[in-house]
Protein chains: 2
Amino acid sequence: MVYAIGLMSGTSLDGIDAALVDISGKNETTTVKLIDFLTVPFGKPTLQRVREALSLEHSDVEKICSLNIELGQAFAQAALDVCKKSGISLDDLAFIGSHGQTLFHIPFARDTFYASTLQIGDPAIICEWTKTTVVSNFRERDMAVGGQGAPIVPYSEYVLYQKSDTTRLLQNIGGIGNVTVIPKSGEITDMIAFDTGPGNVIMNELCLQFYNEEYDKGGTYASQGKVSLALLDELMAHPYIQKPYPKTTGREDFGKQFTTALLEKWLLEPNDFIATATMFTAKSIAKAVQPFIAGPTELIIGGGGSYNQTLIGMIRTELPEVHVLIQEDLGFSSEAKEAIAMAVLANQTLQRCSGNVPNATGAKKSVPLGSITYY
Amino acid sequence: MVYAIGLMSGTSLDGIDAALVDISGKNETTTVKLIDFLTVPFGKPTLQRVREALSLEHSDVEKICSLNIELGQAFAQAALDVCKKSGISLDDLAFIGSHGQTLFHIPFARDTFYASTLQIGDPAIICEWTKTTVVSNFRERDMAVGGQGAPIVPYSEYVLYQKSDTTRLLQNIGGIGNVTVIPKSGEITDMIAFDTGPGNVIMNELCLQFYNEEYDKGGTYASQGKVSLALLDELMAHPYIQKPYPKTTGREDFGKQFTTALLEKWLLEPNDFIATATMFTAKSIAKAVQPFIAGPTELIIGGGGSYNQTLIGMIRTELPEVHVLIQEDLGFSSEAKEAIAMAVLANQTLQRCSGNVPNATGAKKSVPLGSITYY
């Protein structure tokens, strides 16, 4: 077993996640144990510069050049912090996998733009500050073999969750819902991943408009409402829900505009509206995963939606033959999941093993991901 | 011996240089032989997009994201082209060193900007298209140990030119002049590199203003003029010329503005003006290299200025004790020099050997440069 660190910063800009893991093996024999985890929020000036670099209007080549190094230092510091927190010496650290900060992603070529993805956070700085080999820039290689460069976590999910006697459905409920299917005794090539439809996005927008609250904490409002079957039928008829996988969606499909249009058309009590939106998320997930249920099946829920008990209850009702759990029930950390994945991918790459899942990204083949900066 | 390719695209945007070399050994035992070389000019739309990406006004994150992949494809194609030209199969290729296209360089931190450098041209694409391991992004690691990330070629110059019984002064005469000093029997830590002052920049500006010509071809205009000793004295008193090394300068110091001011102050015949500017370049080079002459010494001139016979003659006169040669006299290719250097640096990195020259970049230590994308 060797110590490694995975570093991740998501599009939500909450900060840099650093997961210290104990990892060994490769491919199907990989074992990973989370030792420690922390999130280092960006300093205010850095956050402001990241926001500028993300914006078409305010970004420019000088800002991106400088920010690549500034974020490299921030990632390096997060790695040093998680070592210090856990009392692990840098000498005991074998490698770091760093995702970087995504500044832009063009999944498909359009007009004069190439299919491309841009992550920054200079690996050379991380390497020098931590005196440790760094693997970085994971997504480009998947795109070089025709993939979309996303999702990038399914390989790690396979390693962490694959079970010989149970089909496992990893359902993330963030703004949007997405599922990764890991068939029992399945090869990695049997994995499937796609977006199930809305996660919390509609519920959250309703809470904001009705109660000026960010979300329905614990699902309390939904538990007090009554589902409108008429509205639910209309929602379930949405073309995205009816479409078979592979498919991806985003906040642009089920966000503010979508919800505002519903509010104009349907006159319901606030809690009835929220209950119906909650049931819509539950039913759309159930419909999406139904074809993959075969024998003993677990639906393992992560993301903010896993703390909405009304939602979880509705999913259980919709899927009586499935064992519905949340990540924490299995001892996994929902918040550390992506950072852990970066350590798993780096471990693969250093052993020249592949790390993408073609069924998930659309890539033509499995390839090792990322570039190695040796200390 | 193994085949390798070095890829380079300079700030002049002439295109992508691809040098196919036969390379073996490492550190002082490295031997390199140039097998073939070509320059692939950028297509017009690509060139336009590179220019936009270089500009503070027209660049943005989306353009840079896309161009990274577009240039990755262009670099990959240049590698394929030089293989095809020379009849070498991809199977016989051991690795590629790719510099990428520099979009921006901030040698020292200022205001809210970090010392940083940005090269693009996705190595994952080059790796997949050529089925070959790629080493890329050489400059960041030098900056991570306190260097300026430039110049990047001195290590390769050491390997190619070091001679046990002769001090060699590699003088490049581009817009600006720069010299690399390789003392006889010297260690790499004895190497020195700095900018000598103007190269062709003043002569070229004078030719443009007097004759609407790009440069003084072969030094013909200068050969027909008479040097003004008064102007020459004023020029040689320039603070940059008087300053000891380490020092760097740029077109901003000796470019259009500088030359225009001279033209306003000094009323000379065109060819006398050009002859004086030529003598200024010759004398400033002689003054810069004088302290390093010790026993048998060769001054090996490369760059556009090496084809200006009047300039070369003046340098010979100024340095009677030095053997003045041009690159081609030694069988080296001036135009392939930087691309060859990328293959040399990649060869070092793959064997975990260092590739920067701290005396040249200001780095605190020698480090392997770049990140490795394994095929």
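May I ask you to say which residue of B:Q119, B:Q148 is farther than 27 Å from B:T31 by Cα and in contact with a Pro (Cβ under 9 Å, 6 or more places away or on another chain)?
Details: B:Q119 fails: in contact with a Pro (Cβ under 9 Å, 6 or more places away or on another chain).
None of the other options fit; the residue is B:Q148.
With respect to the numbered conditions (1) modelled with pLDDT of 95 or more; (2) more than 30 Å from B:L369 (Cα to Cα), which one is the sole condition not fulfilled by B:A341?
Condition (2) is where B:A341 drops out.
Search the stretch B:182-214 for residues being within 19 Å of the chain's Cα centre (by Cα) and in a loop (DSSP other than H, G, I, E, B), and hand back the single one that is surrounded by the fewest Cβ atoms within 10 Å (Cβ to Cβ).
Filtering the stretch B:182-214 for residues that are within 19 Å of the chain's Cα centre (by Cα) and in a loop (DSSP other than H, G, I, E, B), the one surrounded by the fewest Cβ atoms within 10 Å (Cβ to Cβ) comes out as B:M191.
Which one is surrounded by the fewest Cβ atoms within 10 Å (Cβ to Cβ), of the residues in the stretch A:1-29 that are modelled with pLDDT of 95 or more and hydroxyl-bearing (S, T, Y)?
Only one residue fits best here, namely A:S24.
Given the criterion assigned to a helix (DSSP H, G or I) and exposed (fewer than 14 other Cβ atoms within 10 Å of the Cβ), identify the matching residue among B:A288, B:A261, B:A282, B:A294. Lay out the reasoning, then the answer.
Values: B:A288 fails: exposed (fewer than 14 other Cβ atoms within 10 Å of the Cβ); B:A282 fails: exposed (fewer than 14 other Cβ atoms within 10 Å of the Cβ); B:A294 fails: assigned to a helix (DSSP H, G or I).
Only one candidate qualifies: B:A261.
For the stretch B:75-90, how many residues meet the condition of being in contact (Cβ under 8 Å) with a residue 60 or more places away in the chain and within 13 Å of another protein chain (Cβ to nearest Cβ)?
Looking only at that region, the number is 1.
Any residue in the stretch A:48-64 that's without any contact (Cβ under 8 Å) to a residue 12 or more places away in the chain: show its pairings with residues that are of a type outside the set (A, V, I, L, M, F, W, C) and in a helix (DSSP H, G or I) at Cβ separation under 7 Å, as long as the two are six or more apart or on different chains.
Listed by first residue and then by second, the contacts come to A:E52/A:K63; A:L56/B:E62; A:H58/A:E52.
Working only within the stretch A:19-37, note down all residues that are in contact with a Leu (Cβ under 6 Å, 6 or more places away or on another chain) and of a type in the set (D, E).
A:D36
Give me a count of the residues in the stretch A:47-74 that are touching a Leu at 6+ places or on another chain (Cβ under 9 Å) and more than 10 Å from every other protein chain (Cβ to nearest Cβ).
3
Could you check how many residues of the stretch B:97-121 are in contact (Cβ under 8 Å) with a residue 40 or more places away in the chain and β-branched (V, I, T)?
Applying the first criterion (in contact (Cβ under 8 Å) with a residue 40 or more places away in the chain) to the stretch B:97-121 yields B:97-105, B:107-108, B:120-121.
Right, trim to β-branched (V, I, T) and you get B:102, B:120.
Number of matching residues: 2.
Check A:A294, A:A277, A:A282 and return the single one that is in contact with a strand residue (DSSP E or B) (Cβ under 9 Å, 6 or more places away or on another chain), at pLDDT 95 or above and of a type in the set (G, A, S).
That would be A:A277, the only listed residue that is in contact with a strand residue (DSSP E or B) (Cβ under 9 Å, 6 or more places away or on another chain), at pLDDT 95 or above and of a type in the set (G, A, S).
Please find, among A:I106, A:I5, A:I96, the residue that is in contact with a helix residue (DSSP H, G or I) (Cβ under 9 Å, 6 or more places away or on another chain) and over 30 Å from A:L330 (Cα atoms).
Values: A:I5 fails: over 30 Å from A:L330 (Cα atoms); A:I96 fails: over 30 Å from A:L330 (Cα atoms).
Exactly one of A:I106, A:I5, A:I96 is in contact with a helix residue (DSSP H, G or I) (Cβ under 9 Å, 6 or more places away or on another chain) and over 30 Å from A:L330 (Cα atoms), namely A:I106.
Provide a single number: the residues in the stretch B:48-66 that are modelled with pLDDT of 95 or more, hydrophobic (A, V, I, L, M, F, W, C) and within 13 Å of B:L13 (Cβ to Cβ).
Count: 2.
Among (1) within 14 Å of chain B (Cβ to nearest Cβ); (2) buried (at least 18 other Cβ atoms within 10 Å of the Cβ); (3) of a type in the set (K, R), there is one condition A:K365 misses while meeting the rest; what is its number?
Evaluating A:K365 over (1) within 14 Å of chain B (Cβ to nearest Cβ); (2) buried (at least 18 other Cβ atoms within 10 Å of the Cβ); (3) of a type in the set (K, R) leaves (2) as the failure.
Looking at A:V145, A:V153, A:V179, which is the one that is under 30 Å from A:T259 (Cβ atoms), touching a residue at least 40 places away in the same chain (Cβ under 8 Å) and either within 14 Å of another protein chain (Cβ to nearest Cβ) or surrounded by fewer than 24 Cβ atoms within 10 Å (Cβ to Cβ) (or both)?
A:V179
Kindly indicate whether any position in the stretch A:304-325 is touching a strand residue (DSSP E or B) at 6+ places or on another chain (Cβ under 6 Å) and assigned to a loop (DSSP other than H, G, I, E, B).
The answer is yes; a qualifying residue exists.
Conditions tested, residue by residue: (1) aliphatic (A, V, I, L, M); (2) in the same structural domain as B:C353 (by TED's automatic domain parsing).
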site: B:R141; (1), (2): no, yes
site: B:L160; (1), (2): yes, no
site: B:D165; (1), (2): no, no
site: B:E205; (1), (2): no, no
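Return the total of residues in the stretch A:338-360 being surrounded by fewer than 24 Cβ atoms within 10 Å (Cβ to Cβ), of a type outside the set (A, V, I, L, M) and either more than 14 Å from every other protein chain (Cβ to nearest Cβ) or part of a helix (DSSP H, G or I) (or both).
Within the stretch A:338-360, residues that are surrounded by fewer than 24 Cβ atoms within 10 Å (Cβ to Cβ), of a type outside the set (A, V, I, L, M) and either more than 14 Å from every other protein chain (Cβ to nearest Cβ) or part of a helix (DSSP H, G or I) (or both) number 3.
When you look at A:D233, is it assigned by TED's automatic domain parsing to the domain that holds A:Y158, outside any loop (DSSP other than H, G, I, E, B), acidic (D, E) and modelled with pLDDT under 95, yes or no?
no
I'd like to check something: does the stretch B:2-21 contain any residue that is within 14 Å of chain A (Cβ to nearest Cβ), under 23 Å from the mean Cα position of the chain (by Cα) and under 23 Å from B:R139 (Cα atoms)?
yes
Within the stretch B:161-180, which residues are in contact with a Pro (Cβ under 6 Å, 6 or more places away or on another chain) and not in a loop (DSSP other than H, G, I, E, B)?
Hits for the stretch B:161-180 are B:T167, B:T180.
Taking the conditions exactly as written (within 14 Å of another protein chain (Cβ to nearest Cβ) and either out of contact with any Phe, Trp or Tyr (no Cβ under 9 Å at 6 or more places or on another chain) or touching a residue at least 40 places away in the same chain (Cβ under 8 Å) (or both)), does A:I372 satisfy them or not?
Against the criterion (within 14 Å of another protein chain (Cβ to nearest Cβ) and either out of contact with any Phe, Trp or Tyr (no Cβ under 9 Å at 6 or more places or on another chain) or touching a residue at least 40 places away in the same chain (Cβ under 8 Å) (or both)), A:I372 qualifies.
Taking into account only those residues within the stretch A:350-361 that are in contact with a helix residue (DSSP H, G or I) (Cβ under 9 Å, 6 or more places away or on another chain) and of a type outside the set (A, V, I, L, M), which is modelled with the lowest pLDDT?
Checked the stretch A:350-361; the qualifying residue modelled with the lowest pLDDT is A:N359.
Does B:F37 satisfy the criteria of being outside the structural domain of B:T249 (by TED's automatic domain parsing) and either without any contact (Cβ under 8 Å) to a residue 60 or more places away in the chain or over 16 Å from B:E335 (Cβ atoms) (or both)?
No.
Out of (1) under 22 Å from A:Y161 (Cβ atoms); (2) surrounded by fewer than 16 Cβ atoms within 10 Å (Cβ to Cβ); (3) modelled with pLDDT of 95 or more, what's the single condition that is false for A:L319?
Condition not satisfied by A:L319: (2).
The values are calculated or read from the model by the stated rules, or taken from the named source; none is laboratory data. These figures come from a predicted structure and were not determined experimentally. Neighbour counts run over all protein chains shown; Cβ positions are idealised from the backbone, glycine included.
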